[in-house]
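Below is one structure, written out as structure tokens; the observations come after it.
Please treat every number below as a calculation from the coordinates, not as lab data. Note that this is a predicted model, so its numbers are computed, not measured. Here Cβ is always computed from backbone atoms with ideal geometry, including for glycine, and neighbour counts include all displayed protein chains.
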Amino acid sequence: MRPFAVVLNELCTTPPDGRGKVTNVALSAAVKARGGDIGHGYISQLRLGVKDNPTCQAIVDLAGALGVHPAVFLGGRRELRTAEQPGWRPTALSTLFEAVHPPDRGPWSPEEVATAISSSGQFGSISASYIRELLGNTSDNPRLKHILGLADHFGADPAYFFDDELAARVDSELTDFLALRELGVVEFVTRLAERTGDLSPQARAAAVEGFRQALEVGEGWSFPLNGRRPT
């Protein structure tokens with residue numbers, strides 16, 4: 001993902017609506033006209049990379065003033081759809097907590113997620129209590145590094161937290177994933193992957209063929225240990 005400063009500079013230099021370059025003062029005024037409050041000095045620091053951890057609301061306000069989707073600052077789409085008013089998706093984090101965790105255990109706890117993000121050192125620090133606030137929707141204004149850290153932990157696209165179109169696709173895939181996990185498929189595949197190096201090419205081929213046939217005919221799974229389906 002490109003640095004925030006690079007994306008912001010690009011949008012100010014060549015705005016998507018074809019207007020001329022947008023100065024820091026003009027951008028600050030545009031934000032205020034939309035009900036936000038970002039000073040031109042802070043915008044200058046963001047463009048220079050001196051500041052690199054804006055809040056969710058600042059990201060949304062800057063995107064709105066520039067006529068782009070906030071997901072563009074997180075590696076996502078730039079274009080706004082007609083009448084679209086994107087912002088922080090309050091259900092995104094709880095969906096990831098529910099769906100994305102190792103197959104042999106339940107969901108991660110806020111403490112585990114906070115420890116993993118903070119100990120990596122890549123996205124600053126975050127507390128378990130703050131994650132609980134985000135999950136409970138008592139807070140809805142995380143900073144950029146919090147968003148990136150949470151996305152990284154769950155293997156999600158950071159734009160998922162803002163983009164309803166992307167979220168619809170991801171949530172559909174997660175629904176299928178949950179169904180496979182309920183059937184024990186995810187756990188089986190995970191164990192199979194861990195032992196791939198111990199399996200012969202014939203055994204790996206048998207596993208793939210078994211999955212294919214079971215899914216195609218809609219019958220119960222029966223792993224062909226001898227390389228043949230039972231008759």
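Counting only Cβ charges, +1 for Lys and Arg and -1 for Asp and Glu, the dipole size of the stretch 4-74 around its Cα centre is about 140 debye.
Taking label points 7 Å from Cα along the Cα-to-Cβ direction, residue 33 and residue 9 give a separation of 2.6 nm. Exposure proxy ranking for 89, 105, based on other Cβ atoms within 10 angstrom of each Cβ and starting from the fewest, stands as 105, 89. Pull up the cross-link candidates among the lysines for residue 51, meaning alpha carbon to alpha carbon under 19 Å and not fewer than 8 places away within one chain. Cα-Cα hits under 19 Å: 145. At a Förster distance of 25 Å, what's the computed FRET efficiency of residue 82 paired with residue 122, Cβ-Cβ distance as r, to 0.05? Once the sixth-power term is evaluated, E becomes 0.10.
In this calculation the C-beta distance from residue 2 to residue 138 is compared with R0 = 35 Å, giving a FRET efficiency of 0.65. So how far, in whole Å, is the C-alpha centre of the stretch 7-75 from the one of the stretch 82-153? The distance from the Cα centre of the stretch 7-75 to that of the stretch 82-153 comes to 24 Å.
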